[in-house]
Amino acid sequence: MCIRDRYMGDEVSLVKTAKDIGFKFLNGNSQEIQVEINGKVVTFELLYMFEFDSDRKRMSIILRDYRDNRIKMFVKGADNIIKSRLCQKVEQHYVRNTEYYIDDFSKLGLRTLMVAMKVISEEQWKSLHEQIKELSQDSSRDEKINWLADKIEQNLYLLGATAVEDKLQDEVPQVIHDLLLANIKVWMLTGDKLETAENIARSCSLIQPNTHVFKCSYTVSSEIKQFLEEALSILKVCVKENKKKALLVEGISLGHILHTEDSEIYDQFLELTLNCESVVCCRVTPKQKADVVRTVSYTHLRAHETPEHLVCRLLLEKK
């Protein structure tokens, strides 16, 4: 487990940490990568790289290790994504300890990633390479490449995890505190896991001391509905006692809420969020971030629109 300051960038932080423990990156190009491992220079052939994006929440690289001439895929990504792709047919020696460290680091507000790998046969690589080449002129190449990545990034073996400190810019806590003091509601939308997001929200004063925090990480509509009903009851007490409120909601719950056919769940969620001083949406995809902004903005405008605004909105909706 290695911790580095993110001011230098996640990738640079990880490379510098690897150097400190005996794995030094020497150079690389589109064909090869050279690494010094405990004083010995090792060359890898770079075969392919599946890039990171916020929807996949992972990236992978395929290399030929000249030491044994085997083809290996290394994958790094969000812990929930990597864990769901681990091979269940072999003993995973590092899962329990890695989960323990990730939970511990998340509570400290560190950004964590899991790292895993697998060995790919020559036949698998040839088949994958041919499929990738066939997509060179395809209009939907990106989608199909992601589909190929999804197929090959399975049955992984866990290697460990990384943790990087994501330091706040100067005076961020004071600025957010002043915004809340001015009754300006602040939302944080992040791909971080709940524990990390909560710690960062507290460290930047988004969640202040003596704030009642609602947490929603349910995956079933009935559980979400029960949570919202209980939360709204508590909300009334908080309002009566003039107590600050904050909501932490995970992307998996958000997906159910924003696309539910149960209008009561949707309306209850909006009522809760619009009555909290701060809201933190964690483990959310770019699309979910856009959906949240669109939903809340639209709801706020509807609640405060004048007759002139109403006419403009109806004309826009008609278009």
Next on the checklist: Pairs needed: first member in the stretch 154-182, under 30 Å from Ser121 (Cα atoms); second member anywhere, acidic (Asp, Glu) and modelled with pLDDT under 85; C-beta distance under 9 Å; at least 6 residues apart or different chains.
Outcome noted: Thr162/Asp10
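Here is a check on your reading of the model: is Thr306 modelled with pLDDT under 90, in contact with a helix residue (DSSP H, G or I) (Cβ under 7 Å, 6 or more places away or on another chain) and polar (S, T, N, Q)? Don't jump to the end; show me each part of the working.
Values: modelled with pLDDT under 90: yes; in contact with a helix residue (DSSP H, G or I) (Cβ under 7 Å, 6 or more places away or on another chain): no; polar (S, T, N, Q): yes.
The answer is no for Thr306.
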Checklist entry - Glu264 is checked against (1) over 18 Å from Ser106 (Cα atoms); (2) open to solvent by 20 Å² or more (accessible area, probe 1.4 Å); (3) at pLDDT below 90 and fails just one. What number does that condition carry? => result (3)
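A quick yes/no check of all residues on (1) aromatic (Phe, Trp, Tyr); (2) at pLDDT below 95; (3) open to solvent by 10 Å² or more (accessible area, probe 1.4 Å); (4) touching an Asp or Glu at 6+ places or on another chain (Cβ under 8 Å):
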| position | (1), (2), (3), (4) |
| --- | --- |
| Ser203 | no, yes, yes, no |
| Tyr218 | yes, yes, yes, no |
| Ser221 | no, yes, yes, yes |
| Leu258 | no, yes, yes, yes |
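Residue by residue through the stretch 232-256, note down the ones that are polar (S, T, N, Q) and either assigned to a loop (DSSP other than H, G, I, E, B) or open to solvent by 80 Å² or more (accessible area, probe 1.4 Å) (or both).
At the first step, the residues of the stretch 232-256 found to be polar (S, T, N, Q) are 233, 242, 253.
Asn242 - this is the single residue of the stretch 232-256 that is polar (S, T, N, Q) and either assigned to a loop (DSSP other than H, G, I, E, B) or open to solvent by 80 Å² or more (accessible area, probe 1.4 Å) (or both).
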Checklist entry - Can you name every residue in the stretch 104-134 that is in contact with a Gly (Cβ under 9 Å, 6 or more places away or on another chain) and over 11 Å from Thr162 (Cα atoms)? => result Ala116
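Only strands (runs of 3 or more DSSP E) wholly contained in the stretch 1-111 count here; list those with 2 or more residues that are surrounded by fewer than 13 Cβ atoms within 10 Å (Cβ to Cβ) and over 16 Å from the mean Cα position of the chain (by Cα). It would help to see each step written out before you state the result.
Details: elements: 3-5, 23-28, 32-37, 40-53, 58-65, 70-77.
Answer list for the stretch 1-111: 23-28, 40-53.
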Next on the checklist: Can you pull out every residue in the stretch 138-183 that is of a type in the set (Val, Ile, Thr) and open to solvent by less than 60 Å² (accessible area, probe 1.4 Å)?
Outcome noted: Ile145, Ile152, Thr162, Val164, Val172, Ile176
Item to check | Yes/no for Leu228 being more than 17 Å from Cys281 (Cα to Cα), open to solvent by less than 30 Å² (accessible area, probe 1.4 Å) and assigned to a helix (DSSP H, G or I) | outcome: no
Item to check | So Thr190, is it crowded, with 20+ Cβ neighbours inside 10 Å and not aliphatic (A, V, I, L, M) | outcome: no
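The values are calculated or read from the model by the stated rules, or taken from the named source; none is laboratory data. Fair warning: this is a prediction, and the values are worked out from it, not measured in the lab. All Cβ positions, even for glycine, are placed from backbone atoms using ideal geometry, and neighbour counts span all protein chains on display. Heavy atoms of the whole protein, side chains included, go into the accessibility calculation; ligands, DNA and RNA do not. Shrake-Rupley method; radii C 1.70, N 1.55, O 1.52, S 1.80 Å.
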